[in-house]
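The values are calculated or read from the model by the stated rules, or taken from the named source; none is laboratory data. Keep in mind it's a predicted model, so treat the numbers as computed, not measured. Positions of Cβ are backbone-derived with ideal geometry, glycine not excepted, and every protein chain shown enters the neighbour counts. These area figures cover heavy atoms from the full protein model, side chains too; ligands, DNA and RNA do not enter into them. Shrake-Rupley method; radii C 1.70, N 1.55, O 1.52, S 1.80 Å.
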Amino acid sequence: MIRIFTFVVILLFWTVPAVADGVAAPKGKIKGSVADAQSEQPLEYATIALYNAKNDKLITGAITDYLGHFKLEQPENGEYYLVISFIGLKEQKSQVFEVTKDEDNINLGHFFLESAAKELGEVEVVSKRAPIEYKIDKKVINVDKQITAEAGTAVDILENVPSVQVDVDGNVSLRGSSGFTVLIDGKPTILEPSDVLRQIPSSSIENIEIITNPSVKYEPDGGTGIINIVTKKNRLDGLSGNVNANAGTLGQYSGDLQLSYRLNKVNFIFGGSVNRRPRPGSVSNSRITSPGDTSYYITSEGDTDREWANSNLRAGIEFDATKYDFISLSGRYGRWDMNNESQLRYNEWTEPATFYEIYNSEDGTTRGGNYYSIDAVYQHTFENGSSERNKADGKQEGKGGVSREMGNDLGSVPSFSNGNVKHVLKAQFMYRHRYIDEESQNLLRELDGQVRSGTKNVEKGPSSSRRLNIDYTLPIGEKDKFEAGAQWRSGKSTDITELWLYNDQTGEIEYTDEYSNSTDYYRNIYAIYALYAGYLGNFGYQAGLRGELTDRKIEMTGQDAFTIDRWDYFPTIHISYNLPFDQQVMASYSRRIDRPRSWWLEPFITVEDAFNVRQGNPGLQPEYIDSYDMGYLKKFGDNFFSLEGYYRVTHNKVERVSSPYSENIMLERPENIGEDYSLGIEAMITFALFKWWDMELSGNFFNYRMKGELSYPLGDEIVKDPVDRFSTNWNTRFNNTFRIWDNGTFQLNSRYNSASVTAQGTREGFFDLDAAFKVTFLNKSLSANLQGRNILGTARRAGESSGPGFYSSYDYVPVAPVFVLSVSYRFNNYKANRRGNQGNGQDDEF
């Protein structure tokens, strides 16, 4: 499959330039492009007038096409200039240029037209982009405000985002839950959410969308919603790009390259990145197990060195075949790895005392593999009526002609039709493949170095998925729209587990058949959806229903197959109302599903190391989530205040339940324990004390309750233990940005995450402080950024858990602080393409 993909990409890169040449202008043309200076969007129907520079006589003229391009026949030899105009924007006059008989085509480059608003003498008006923008169904985080995360990944950006929590290992949760979906430009990935977010360089991200109650056109997977990463793109002619290089303490480094080359209607995209991020620290653990009359104690402490590394290449071609037809083909190939090595000192004893032992442990875990993806998109926009209506109205038509958002700016009432666009049909095919190989090895040595025991656990296997989406959008009148679509999802994966045990007779670690198994997963999901959205005055609404048929089969060695054939229904409702004085209120409801991961369903015992085993549960039911949101937003000048309330109920709540397996060995098994409830409120305010000092304060306060029943084995009995746990959780963020001079900015970001409860224990809270100093050069094309992370060394992960027959605690403290220097260069005004993104769900869930 990789060879086929490589061949296709190479073939397209060789053949599409020929296609582009076929549509390029013949010799003897004057050409260029026109865009809006503020949005950098192409301007269609801009007027181009060619004048003789000696007598100011009008020679000829033209208008720009839907890509903002213009072409003029070359006049006789001489000196000339252009006058470019567009309704509502300032007229612009080009520099004088010369036409000679030796010239073929003359490319005058890009022209950016400014707003025609009246200037007020010495008054300078600066409009600042808000750090967060609110839409009817999402929050959009503008990444350019987070300079403390520029040398990092998407995880580092999310650390300063309301609704999101990140622990010191980079594990992300959305409103207290790890059950969410990650999309990249609206497209699903095949990796786990936190693994994906650790791989995406922050320098390649334009913004991040937090969608806590997605509409029905999105897949309903992920209990708390969707995090959509929108990457930077470009629509300007010629070669554009962005280059970043970072290096830091502890051996950290990263770099990424993004290139775009547009030739008339064809756009070539290429990118790549490499990232190595070590996270050394110290760790301590303690455990007591009491399977009978004897209590077994074990403690450990020492150093651990965790490291995440990844690299990828991506390429794509976009072709604006006609004004109404868009085609794209893109692919990505990469590798990611997680390595963890620990050197620990163990103490083990019993009460009543029968022995006391001290020994060392060498632990090593490697997890990772190769992955690739292929995406193809075709979109057709149907026209109704003459395009002359647009010319008369002076309207700019976006790509596809239909607004992708329910609401853009606060207080605005969007139109879903621009007068001549009737409806849009979009087809998208996606293929994902990965091969994951995980190996964990544990050696216990006497103090003299002799091996006393050892285990090696191997998990490996391929996984692949296919998706086919067909989406249809029909504007109704000026303010309403109807959308409908269908989707097919197909997934297959194989999970091979192997156990190797140390043989003290041979001194080797040898394969053990008893705990080695193979499992095959097959899943098909067929979905249809429909929604209606619109505005009545200042009142906006959107309602939809999605139906999904799940066909799942699990085959395991020596056991009967487990099958599911089930229909699920997922309604969503969104409403908003624009109040006077830049105020808005919003409310929404959605029903979602969080399907069990594949390895949670394996019924056999898997040995992880000398002290831990796990077992899956093929009878595990998916979680169903009812989510309610309400929000209020007030904008005052460049600042705003937001207040959001939310309530979430999770049915069939899944928790990993621990219990004693044997002497000093713990068993972990996922169980449906009942329900959990989250009732919370989020608030955020941005304000500027001075022109050079901006503040942003946000907080999330919620009550969490878990209610149900724990069931686990204890000896020969099954223990049922009622659970009713409650905690008040909160987290705050306080970000300060200081503009020291025009090209110099200092930022200080702090956050606190409070303690929280789990089904069997608690997690401690922690405080973190980051800082960054950024300087830009060459009209902001070149920048340097020095960052310090976890400056006070207070970010840590600690907690404890207990139950019948056991108690355990853990504490992990990373080495701190960490400093990183990053350098970035952007050429040809590399900016984001505002083309709307649509997408669905995630993979690797069964």
Dipole of the chain (Lys/Arg Cβ +1, Asp/Glu Cβ -1, origin at the Cα centre): which of Y704, L67, F604 lies farthest to the positive side?
L67
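What part of the accessible area of segment 32-72, given as a whole %, is carbon or sulfur when the probe is 1.4 angstrom?
Values: 800 of 1750 Å².
C and S atoms contribute 46 percent here.
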Contact order relative to length of the chain, as percent, for alpha carbon pairs under 8 angstrom and 6 or more apart
11 percent
Hey, what's segment 304-370 come to in accessible area per residue, 1.4 Å probe, Å²?
46 Å²
Label points 7 Å out from Cα along the Cβ direction at M338 and E446: separation in nm?
3.6 nm
If you keep only loop residues by DSSP, which chymotrypsin sites (Phe, Trp or Tyr not before Pro) in segment 290-365 have at most 16 other Cβ atoms within 10 Å of their Cβ?
Y324, F355
Would you work out which of Q199, A771, A427 lies farthest towards the positive end of the dipole of the chain, given +1 charges on the beta-carbon of Lys and Arg and -1 on that of Asp and Glu, about the Cα centre?
A427
What is the distance, in nm, between label points placed 7 Å from the Cα along the Cα-to-Cβ direction at F690 and at I718?
6.9 nm
Would you mind pulling out the separation of the Cα centroids of segment 458-472 and segment 175-191, in Å?
14 Å
A 1.4 Å probe over the protein heavy atoms gives segment 490-616 a carbon and sulfur accessible-area percentage of 54 percent
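Using the Kirkwood radius over C-alpha pairs as Rh, can you work out the diffusion coefficient of segment 33-72 via Stokes-Einstein at 10 °C, viscosity 1.306 mPa s, in µm² per second? Before the final figure, lay out the partial values.
On the way: Rh = 10.8 Å.
Answer from the Stokes-Einstein relation: 146 µm²/s.
FRET efficiency for E98 and E478, Cβ-Cβ distance as r, R0 = 41 Å, nearest 0.05?
Calculated value: 0.30.
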Which pairs, out of K138/K707; K232/K481; K323/K426; K138/K232, put more than 26 Å between their alpha-carbon atoms?
K138/K707; K232/K481
Using DSSP, restrict attention to beta bridges with both residues in the chain and report what percent are antiparallel, rounded to the nearest 5.
95 percent
Taking a ≥ b ≥ c as the square roots of the eigenvalues of the Cα gyration tensor, with a/c under 1.5 meaning rounded and otherwise prolate when a/b exceeds b/c and oblate if not, segment 221-294 is oblate
Projecting each Cα onto the charge dipole of the chain (Lys/Arg +1, Asp/Glu -1 at the beta carbon, about the Cα centre), which of N729, N347, S588 comes out farthest on the positive side?
S588
For the chain, average projected area of the Cα convex hull in nm²
38.8 nm²
In degrees, nearest ten, helix 2-23 long axis to first principal axis of the chain (Cα):
10 degrees
Projected-area mean, segment 163-231, by convex hull of Cα positions, square nanometres:
4.5 nm²
Hey, which aspartates and glutamates would be in cross-link range of K634, C-alpha to C-alpha under 18 Å, not counting anything within fewer than 8 residues on its own chain?
E133, D137, D409, D582, E644, E682, D694, E696
Taking each pair of different alpha-carbon atoms in segment 626-717 once, compute 1/r for the pair, average those values, and report the inverse of that mean as the Kirkwood hydrodynamic radius in Å to one decimal.
17.0 Å
For a 21 Å ceiling on Cα separation, which of these pairs sit above it: K635/K774; K456/K492; K492/K553?
K635/K774; K456/K492
When the helices in the chain are scored as -39500 (n - 2.57) per DSSP H run of 4 or longer and the sum is shared across all residues, what 222 nm value do you end up with, to the nearest 500 deg cm²/dmol?
-1500 deg cm²/dmol
Could you please tell me the mean projected area of the C-alpha convex hull for segment 688-814, averaged over all directions and given in square nanometres to one decimal?
11.3 nm²
Percent relative contact order for segment 230-279, counting Cα pairs under 8 Å at least six residues apart, stands at 34 percent
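Keeping all protein chains in place, calculate the accessible area per residue for segment 619-688 (probe 1.4 angstrom), answer in Å².
For segment 619-688, the solvent-accessible area averages 39 Å² per residue.
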Would you mind working out the accessible area per residue for segment 524-589, using a 1.4 Å probe, and quoting it in Å²?
49 Å²
Assuming R0 = 51 Å, what is the FRET efficiency of S290 and Y526, from their Cβ-Cβ distance, to the nearest 0.05?
0.50
Given N residues in segment 42-117, what is its alpha carbon radius of gyration divided by 2.2 N^0.38 Å?
1.10
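Could you give the length gained on full extension between R367 and N107, defined as 0.36 nm per residue of separation minus the Cα-Cα distance, in nm?
88.5 nm
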For T153, residues with placed amide H under 5 Å, excluding near neighbours:
S202
Which semi-axis lengths, in whole Å and largest first, follow from the square roots of five times the eigenvalues of the Cα gyration tensor of segment 555-651?
46, 18, 8
So, with points 7 Å from each Cα along the Cβ direction, the I681-Y253 label distance in nm works out to 5.1 nm
In whole percent, and with a 1.4 Å probe on the protein chains, what portion of the accessible area of segment 254-368 is carbon and sulfur?
53 percent
